Structures are given as structure tokens and as C-alpha cells.
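One structure below.
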Amino acid sequence: MCTFRKARPDDLAQIWTIIQQAIALRKADGSDQWQDGYPNPEVLRNDIDKESGFVLADGGTIAGYCAVMINDEPAYANIEGKWLSDGDFVVFHRIAVSKDHLRKGLAKKMMEHIEAFAVSNNIYSIKADTNYDNAAMLRIFESMGYVYCGEVYLRGNPRKAFEKLLPATG
């Protein structure tokens with residue numbers, strides 16, 4: 001059984017391996033995403049230092065990684081389009097799964113944990129973006145009920161922006 005937890009500094013080597021695998025996979029798929037030196041170990045270390053890095057761990061093995069933040073994506077203020085909501089939101093970036101764990105639904109599992117994280121913080125909006133040519137992530141967004149809201153620019157590149165509203169419970 002996998003656990004979703006904050007990444008620790010001693011996780012960095014495994015996380016970087018997973019990110020390098022994802023970079024190679026994006027390239028093999030013909031995608032431009034992550035082919036410009038980003039993300040890199042410094043970005044990942046910063047995630048961990050800010051306590052925004054999370055791992056999906058299977059015992060001592062890390063199966064997946066993502067960064068999760070609250071109200072922390074300045075580029076989202078300048079969407080070409082319209083978000084579904086204007087309040088607090090959780091945003092995730094750099095979601096990646098180890099090549100040894102691909103096609104097991106772990107990206108979706110991490111996204112379910114991100115939704116639970118949001119609700120536990122009384123936040124009912126998840127916002128995210130991806131490259132236009134990241135077919136796998138686009139399929140996941142569609143299958144999990146994310147709504148296309150428009151285009152945002154990160155590091156000068158256009159990205160498809162999505163939002164999912166979560167039901168308020170309690």
C-alpha cells in the first residue's frame with residue numbers, strides 16, 4: 001500500500017531519478033515539456049525546503065512525486081480565459097511517476113491525495129496546467145473531471161490550464 005507524505009531531504013536522489021525518467025519519457029513522446037533544464041535538482045530541493053514536495057511511497061521506495069502548494073502560482077492570475085472560481089486553491093506541479101510504476105494509475109492516486117489535502121485545508125478548488133502535447137496528463141485531467149479554463153504562460157511557454165471544483169463536505 002502506498003502512502004502520500006511530505007518529501008524529505010533524503011528522498012531527493014530517488015525523486016531526481018523519477019524526474020529524469022519523466023523528462024526522457026516526455027522527449028520520447030515527442031513533447032517539448034521539461035526539455036529546457038527544468039525541473040532540476042535545485043527546483044526539487046526548493047520544493048522540499050518549502051515543504052511543498054510530496055511523494056507517493058511504497059515502503060522505502062518512492063513511486064511518484066509532485067509539488068503541492070496553496071494559492072501559490074502567480075502565472076495563474078493572468079489566465080487567457082476564466083477560472084471556475086476566484087477563491088483559495090491548491091495547485092500541483094511536477095507530477096511524475098517512476099518508470100517501474102507506470103500504467104498503474106498512480107498519477108491519479110496522487111491527484112486523489114491532492115484533492116484530500118485540499119479538502120483537509122478547507123479548499124475546494126484544484127488548479128493545474130500542462131503542456132499542449134502532454135497527451136497522458138490531458139487524458140488524466142479529462143478522466144478526473146478537470147475543466148479546461150484557458151491558457152497560462154509559465155517560463156514564457158503557453159500551457160493549458162484546468163480547474164476542478166471539489167464538493168464541500170461537512
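Give the stretch 1-34 a look and list any residue that's exposed (fewer than 12 other Cβ atoms within 10 Å of the Cβ) and under 17 Å from the mean Cα position of the chain (by Cα), or say none.
Once the filter is applied, which keeps residues that are exposed (fewer than 12 other Cβ atoms within 10 Å of the Cβ) and under 17 Å from the mean Cα position of the chain (by Cα), the stretch 1-34 yields only THR3.
Being farther than 23 Å from ASP32 by Cα and under 15 Å from the mean Cα position of the chain (by Cα) is the filter here; which residues of the stretch 120-146 pass it?
Correct list: SER125, ILE126, MET144.
Is it true that some residue in the stretch 91-107 is closer than 26 Å to GLY156 by Cα, surrounded by 13 or more Cβ atoms within 10 Å (Cβ to Cβ), in contact (Cβ under 8 Å) with a residue 60 or more places away in the chain and β-branched (Val, Ile, Thr)?
Among the residues of the stretch 91-107, at least one is closer than 26 Å to GLY156 by Cα, surrounded by 13 or more Cβ atoms within 10 Å (Cβ to Cβ), in contact (Cβ under 8 Å) with a residue 60 or more places away in the chain and β-branched (Val, Ile, Thr), which makes the answer yes.
Tell me, which strands (runs of 3 or more DSSP E) lie completely within the stretch 24-106 with 1 or more residues that are among the basic types (Lys, Arg) and on the phi > 0 side of the Ramachandran plot?
Strands (runs of 3 or more DSSP E) meeting the threshold: 90-97.
Would you pick out the residues in the stretch 35-52 that are surrounded by 15 or more Cβ atoms within 10 Å (Cβ to Cβ) and touching a strand residue (DSSP E or B) at 6+ places or on another chain (Cβ under 7 Å)?
PRO39, LEU44, ASP47, SER52
Of the residues that make up the stretch 1-14, is at least one touching a residue at least 60 places away in the same chain (Cβ under 8 Å), of a type outside the set (Ser, Thr, Tyr) and touching a helix residue (DSSP H, G or I) at 6+ places or on another chain (Cβ under 9 Å)?
Yes, that holds for at least one residue.
Can you name every residue in the stretch 147-170 that is of a type outside the set (Gly, Ala, Ser) and more than 28 Å from ASP36 (Cα to Cα)?
Correct list: LYS164, LEU165, LEU166, PRO167, THR169.
When only residues in the stretch 55-87 that are over 21 Å from GLY156 (Cα atoms) and more than 17 Å from the chain's Cα centre (by Cα) count, which is surrounded by the most Cβ atoms within 10 Å (Cβ to Cβ)?
Among them, the one singled out is ASP58.
Within the stretch 156-167, is there a residue that is surrounded by 14 or more Cβ atoms within 10 Å (Cβ to Cβ), over 12 Å from the mean Cα position of the chain (by Cα) and not in a strand (DSSP E or B)?
Checked against the condition, which is being surrounded by 14 or more Cβ atoms within 10 Å (Cβ to Cβ), over 12 Å from the mean Cα position of the chain (by Cα) and not in a strand (DSSP E or B), the stretch 156-167 yields at least one hit.
So which of ALA118, ALA136 is under 27 Å from ALA28 (Cα atoms), surrounded by 15 or more Cβ atoms within 10 Å (Cβ to Cβ) and among the hydrophobic types (A, V, I, L, M, F, W, C)?
After applying the criteria, what remains is ALA136.
Just so you know, all these numbers are worked out from the coordinates, no wet-lab data involved. Model, not experiment: these values are computed from the prediction. All Cβ positions, even for glycine, are placed from backbone atoms using ideal geometry, and neighbour counts span all protein chains on display.
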